[in-house]
Structures are given as C-alpha cells and as structure tokens.
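Notes to accompany the following structure.
The values are calculated or read from the model by the stated rules, or taken from the named source; none is laboratory data. Since the model is a prediction, treat every value here as computed from it, not as a measurement. Cβ coordinates were reconstructed from backbone atoms using ideal geometry, including for glycine residues, and neighbour counts include every protein chain displayed. Areas reflect the complete protein model, heavy atoms only, side chains present, ligands, DNA and RNA absent. Shrake-Rupley method; radii C 1.70, N 1.55, O 1.52, S 1.80 Å.
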Amino acid sequence: MNELLTPAEMGRADALAGNAQALMDAAGRAVARAIMQRYAPCSTLVLAGPGNNGGDGHVAADYLRQAGWAVTVRAWNKASVAEVARAGLVIDAIFGAGLARDVSPEVAALLRAAKRLVAIDVPSGLDGATGAVRGYAPQAELTVTFFRAKPGHYLYPGRGLCGELVLRDIGLPGSVLAQINPQTWVNGPALWHLPARAPTGHKYSAGDVSVLCGNMPGAARLACAGARRAGAGMVTLAADAPFLPPEAGLIVRAEPLEVLLQDARRKIWVCGPGLGPLAGHKLARLIAAGRIIVADADALTACAGAPEKLRGAAVITPHEGEFSRVFGSLRHDRLSAARAAARATGAVAVLKGADTIIAAPDGRAAINANAPPYLASGGTGDVLAGIIAALLAQEMPAFEAACAAVWLHGAAALKVGPGLLAEDIPAVLGPLMARLRPPFNPADY
Ligand SMILES: NC(=O)C1=CN([C@@H]2O[C@H](COP(=O)(O)OP(=O)(O)OC[C@H]3O[C@@H](n4cnc5c(N)ncnc54)[C@H](OP(=O)(O)O)[C@@H]3O)[C@@H](O)[C@H]2O)[C@@H](O)CC1
Ligand SMILES: Nc1ncnc2c1ncn2[C@@H]1O[C@H](COP(=O)(O)OP(=O)(O)O)[C@@H](O)[C@H]1O
Ligand SMILES: [K+]
C-alpha cells in the first residue's frame, strides 16, 4: 500500500480493472461509511462535478439517505453560495483525478462558503500529481481516497488541505500495479532493509565515515554523532587544524585532506556541514578521488548555478534554499524538480522539508511523512547527513540509505518529542534501528 499513483496512473488502473460501475458504487459507499463513522446526521449538501468524482458523490448521497440522512445533491454549476453556507456538511465531489485546469472563481466561491467539508478523492482544485493548488482548493476535514493514495495527498500544500486522509479498498485488484509499475512511494520500512551486523564484524567492516570539519565545527560534530549512532564502525572528524573534542570516542584527525585520502579505507565522506568557503574545493577533491560522498550545506552552496559540479556525489541533501541556489527556483512541482535534480547530478537527491522528497536518478521517488514540525531546529540536517553516510558505509544502496535515514530521522524526532535539539536525535537511533534490523541469530552464522 506504499505505492502512490498519479491521477494519470490511477486512470490506467481504472481502465485495466474494467468494472467502472462497481468501482464507483464501492467508492461512494466508502465515502458514506467514513462520514457516518465520524459525523452525526446533519443537513448535507453534495456538490457534484461533471465527471466520475461527481458520480461518487451521487452514490455517497444515496447511501447516506438510506441511513436516514437529509442529503441534497447539487450540480457544481447550479449550486448557490448561500445554500453551501447553510449546509451542516458539504461533500466536495466536484473534481478529483480529472482536474484539468485551474478552478474558476465561481467554483472557488462555492467551496470557500462551506463550513465543514469532506472531500472525495481530493479537495477540488488540488493537483493529485504535485500537491499544488490549481486556482483554489478548500480545506477539508476528511478526504476519502481509493485503492492507492496520490503524491498530492502527501506533498504540501495538498497534504495540509486533505485533513484526515482515509484510504479505502474498492475492489480494484492489486495486480494492476504490475502493469503500471509505479515509481513513487510513501517512505517507510517496507521500502528498505537495514543491514544485519555480522557477529564477527570489526569496526571497519561496519563502515568508515569521515566528516570534513571547517569553520563551524559543531555542524560537523553533529554529523559525526548521527553517523556513529547509526552504526558506522569508524567515524573520523577530519579537521584541518588541531581541535579538542569534548566528547570521548570522537576521533579527530588534523592532517590535510590529501594525507587522509591516502588511506583507502576512508571511502565514505560527509562534505558540507559547517565547512565554509573551502567546501567547493574539497568536494571537487573528494569526487576526483572517487569517494562516496554525501554533499550537504556549504558543499551545495559552492555549486550554486552549477549542478554539474555535484556529479560524482552519491547523495545530495539540499533544503529548499540550497536547492534553488543550485538548480533554480522551485515552483509548484517539487517532486518533478527533485527527480530532475537527481537525473542531472546522477546523485540521489534529498529535498528536505516538511515533506522531504528522496529521488533517485533512475526515476524512483519517495515522499516522507513521519517528520514532526519540531524537527525543524538548527543542526538536524547535519545529523541527517551523518545518518545517511553511516547507512552508505554499511553498504546500503544510495536510494535505500537515504530513504531509511530520512525515515529514522523523523521517527527519532517523534520519539524525542517537542523541544527537540539536534543532538537529541542520535541518542534514540539505536533502539529504533534495533527494532528494524533483522534479528540477530547466532545460528545463522
Ligand atoms: N480507482 C479510483 O480511484 C476510482 C476513482 N473514481 C472517481 O473518479 C474520479 C475521476 O473521474 P474523472 O476522470 O471523470 O474526473 P473528474 O475529477 O470527475 O473530473 C473530470 C471532469 O471535470 C472537468 N474539469 C476538470 N477540471 C476542470 C476545471 N478546472 N473546471 C471545470 N471543469 C473541469 C472535465 O472537463 P474537461 O477537461 O473534459 O473539459 C471533466 O468533465 C476520481 O477522482 C474518483 O473520485 C471512482 O469513481 C472509481 C474508481
Ligand atoms: N516543518 C517541518 N516538518 C518536519 N521536518 C522538517 C520541517 N522543516 C524542516 N524539517 C526537517 O528538518 C531538517 C532541517 O535540516 P536543515 O534545513 O539542513 O537544517 P540545518 O542546516 O540547521 O541542519 C531536515 O531534515 C528537514 O527535512
Ligand atoms: K473532490
């Protein structure tokens, strides 16, 4: 159920399944049930559009009436703002997957008048492929969608407009997915497996991560803490100058980068957090040396307007500001922009934010949905870069490593709770990862 289907892919699923009438009956019934489970009977107005979304609305009205509800159905172009405003509950069945252009000001005025609104499939005006609003889209209390959710249910602003999202099975067989071959998922443990630790492993076999340290050493140290707690066997803070670390166990090397690169075991590098103006030069050096690189923060800023300089990095982790600096301003379709960035650089692109997108150069993409808003706190991105590096060091493929790290980062933040500081995240990673790793069974070895 992790797959996300664009409206176009959902159309193909419908066509492959065939029995349109039965699907519509199941969809309308699912909407009526979801409403009856959450609301007391009240004067209900269905705004029905010209396509199948409107058809679902008619069916839902029939089921609600059978249950004794007072329901009026109005065609979307016949309803008045006044009757919408009077209704106790409005069921928005105007446009769903067939939204083809911006909604008109007249439709927007109708939807705006609703006091309480339940959306069928999507709030009308919400682009299911991108999460963008086309003209206007109302705030729903509840959105009932069918078979598989859409990217727009998980991407802001759409995610915020859906209210509670309910996904219902309507009898469409999962086997149609084999023909559609969806390439977008909600991020979660079903997409990746954390590597097992061999009982005979040593610190280098669990992975060696080096973190470049520059003029803001706190950021690099946070990345080190993330990497150490996410299971890297050896983590080195590569400082250019002698540096006294307060935490025991953090290995600091003050040799020049060229000297450190002579050690072939130093395969995985975090380049960027707190690195300062030398970040561009150091990134180029690491790429030339064929290292596996997580490029973050200052390394991204050093590539402003020059995404080709990131070719050779394994994972890039821009927030929206850094992304815009490198790739140009982000418009309404961040999912496509992240995919294009991954294609252009050959790196897995992690576009960070409330709805972090992880995109692979081959077109796969995951949208993360478990991160609480208090994760937005200085330094949490540095910790994330370290977690990704640690999972790369444990030989997870780049897309899976980035997805797993983003999910663990969000889950860790939830576990810490409000008031979180970046340095709280590493401490809770161990127990979280222990639950997800394959069970350790000596008999297997
Ligand atoms: N598997 C599933 O999930 C199932 C899904 N089902 C349901 O089907 C829904 C999709 O149905 P759908 O394809 O008929 O499209 P829908 O959204 O009703 O709109 C199309 C109409 O709107 C019009 N139109 C578009 N934009 C407009 C605008 N801005 N302003 C004005 N008009 C606009 C467009 O006009 P046109 O562009 O052709 O001029 C066309 O007439 C889906 O959301 C779900 O509810 C279930 O029934 C069964 C299983
Ligand atoms: N509203 C939000 N909800 C959930 N997570 C968020 C939100 N805003 C930002 N984040 C997450 O917080 C982290 C911030 O990283 P970043 O912007 O690099 O900050 P820093 O440079 O201070 O480490 C990212 O993982 C991002 O996905
Ligand atoms: K709708």
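The set of residues in region 325-337 that are without any contact (Cβ under 8 Å) to a residue 60 or more places away in the chain and hydroxyl-bearing (Ser, Thr, Tyr) contains only SER329. Only one entry of ALA109, ALA40, ALA48 meets the criterion of being more than 16 Å from ligand 2 (Cβ to nearest atom) and crowded, with 24+ Cβ neighbours inside 10 Å, and that entry is ALA48. Note on region 23-34: among residues that are more than 9 Å from ligand 1 (Cβ to nearest atom) and out of contact with any strand residue (DSSP E or B) (no Cβ under 6 Å at 6 or more places or on another chain), the one that is most open to solvent (accessible area, probe 1.4 Å) is ARG33.
For (1) farther than 14 Å from SER210 by Cβ; (2) touching a Gly at 6+ places or on another chain (Cβ under 9 Å); (3) not assigned by TED's automatic domain parsing to the domain that holds GLU400, each residue gets a yes or a no:
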residue: LEU275; (1), (2), (3): no, yes, no
residue: ALA279; (1), (2), (3): yes, yes, no
residue: ARG285; (1), (2), (3): no, no, no
residue: ALA289; (1), (2), (3): no, no, no
residue: ALA295; (1), (2), (3): no, yes, no
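Listed conditions (1) of a type in the set (Ser, Thr, Tyr); (2) open to solvent by 40 Å² or more (accessible area, probe 1.4 Å); (3) more than 16 Å from ligand 2 (Cβ to nearest atom) are all met by THR345, apart from (2).
Tell me yes or no: at least one residue of region 59-74 is of a type outside the set (A, V, I, L, M), surrounded by 19 or more Cβ atoms within 10 Å (Cβ to Cβ) and at pLDDT 95 or above. Full working, then the answer.
Going residue by residue through region 59-74, those that are of a type outside the set (A, V, I, L, M) are 62-63, 65-66, 68-69, 72, 74.
Then drop every residue that is not surrounded by 19 or more Cβ atoms within 10 Å (Cβ to Cβ), which leaves 63, 69.
Narrowing the set further to residues that are at pLDDT 95 or above leaves 63, 69.
Yes, because at least one residue in region 59-74 is of a type outside the set (A, V, I, L, M), surrounded by 19 or more Cβ atoms within 10 Å (Cβ to Cβ) and at pLDDT 95 or above.
Across region 40-51, the number of residues qualifying as over 14 Å from ALA119 (Cα atoms) and either of a type in the set (Phe, Trp, Tyr) or over 32 Å from the mean Cα position of the chain (by Cα) (or both) comes to 5. Within region 182-233, restricting attention to residues that are at pLDDT below 95 and polar (S, T, N, Q), the residue that is farthest from ALA434 (Cα to Cα) is ASN215. Here GLY18, GLY11 are screened, and the one residue that is at pLDDT below 95, open to solvent by 40 Å² or more (accessible area, probe 1.4 Å) and within 30 Å of GLN179 (Cβ to Cβ) is GLY18.
Can you confirm whether region 190-201 contains a residue that is aromatic (Phe, Trp, Tyr) and not in a loop (DSSP other than H, G, I, E, B)? Looking through region 190-201, none of the residues is aromatic (Phe, Trp, Tyr) and not in a loop (DSSP other than H, G, I, E, B).
Counting only helices (runs of 4 or more DSSP H) that sit completely within region 364-445, zero hold 2 or more residues that are near ligand 2 (Cβ under 10 Å from one of its atoms), of a type in the set (S, T, N, Q) and open to solvent by less than 10 Å² (accessible area, probe 1.4 Å). Selection over region 112-169 of residues that are of a type in the set (Gly, Ala, Ser), free of Cβ contacts under 8 Å to residues at least 40 places away in the same chain and within 16 Å of ligand 2 (Cβ to nearest atom) gives a count of 2.
Looking only at region 78-101, decide whether some residue is free of Cβ contacts under 8 Å to residues at least 40 places away in the same chain, over 26 Å from PRO173 (Cβ atoms) and either near ligand 1 (Cβ under 8 Å from one of its atoms) or not assigned by TED's automatic domain parsing to the domain that holds ARG148 (or both). Checked region 78-101: at least one residue is free of Cβ contacts under 8 Å to residues at least 40 places away in the same chain, over 26 Å from PRO173 (Cβ atoms) and either near ligand 1 (Cβ under 8 Å from one of its atoms) or not assigned by TED's automatic domain parsing to the domain that holds ARG148 (or both).
Test VAL122 against the stated conditions and say whether it is more than 18 Å from GLU164 (Cα to Cα), β-branched (Val, Ile, Thr), in the same structural domain as ALA137 (by TED's automatic domain parsing) and in a loop (DSSP other than H, G, I, E, B). When the stated conditions are applied, VAL122 does not pass them. Listed by first and then second residue, the pairs with beta-carbon distance under 9 Å, at least 6 apart or on different chains, first residue in region 375-395 and at positive phi, second open to solvent by 20 Å² or more (accessible area, probe 1.4 Å) and charged (D, E, K, R), are GLY379/GLU423. I'd like the full set of residues that are under 21 Å from GLY55 (Cα atoms), within 13 Å of ligand 1 (Cβ to nearest atom) and either assigned by TED's automatic domain parsing to the domain that holds ARG331 or touching a helix residue (DSSP H, G or I) at 6+ places or on another chain (Cβ under 6 Å) (or both), limited to region 125-161. Listed by number, the residues that qualify are LEU126, ASP127, GLY128, ALA137, VAL144, PHE146.
Residues checked against (1) in contact with a Lys or Arg (Cβ under 7 Å, 6 or more places away or on another chain); (2) within 22 Å of ILE287 (Cβ to Cβ); (3) within 16 Å of ligand 1 (Cβ to nearest atom):
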residue	(1), (2), (3)
THR317	yes, yes, no
ARG325	no, yes, no
ARG331	no, no, no
ALA340	no, yes, no
THR345	yes, yes, no
VAL350	no, yes, no
THR356	no, no, no
ASP362	no, yes, no
ALA365	yes, no, no
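Which residues, taken from region 309-324, are surrounded by fewer than 18 Cβ atoms within 10 Å (Cβ to Cβ) and touching a residue at least 24 places away in the same chain (Cβ under 8 Å)? Of everything in region 309-324, those that are surrounded by fewer than 18 Cβ atoms within 10 Å (Cβ to Cβ) and touching a residue at least 24 places away in the same chain (Cβ under 8 Å) turn out to be ARG311, HIS319, GLU320. Filtering TYR136, TYR204, TYR154 for residues that are under 16 Å from the mean Cα position of the chain (by Cα) and open to solvent by 30 Å² or more (accessible area, probe 1.4 Å) leaves a single hit, TYR154.
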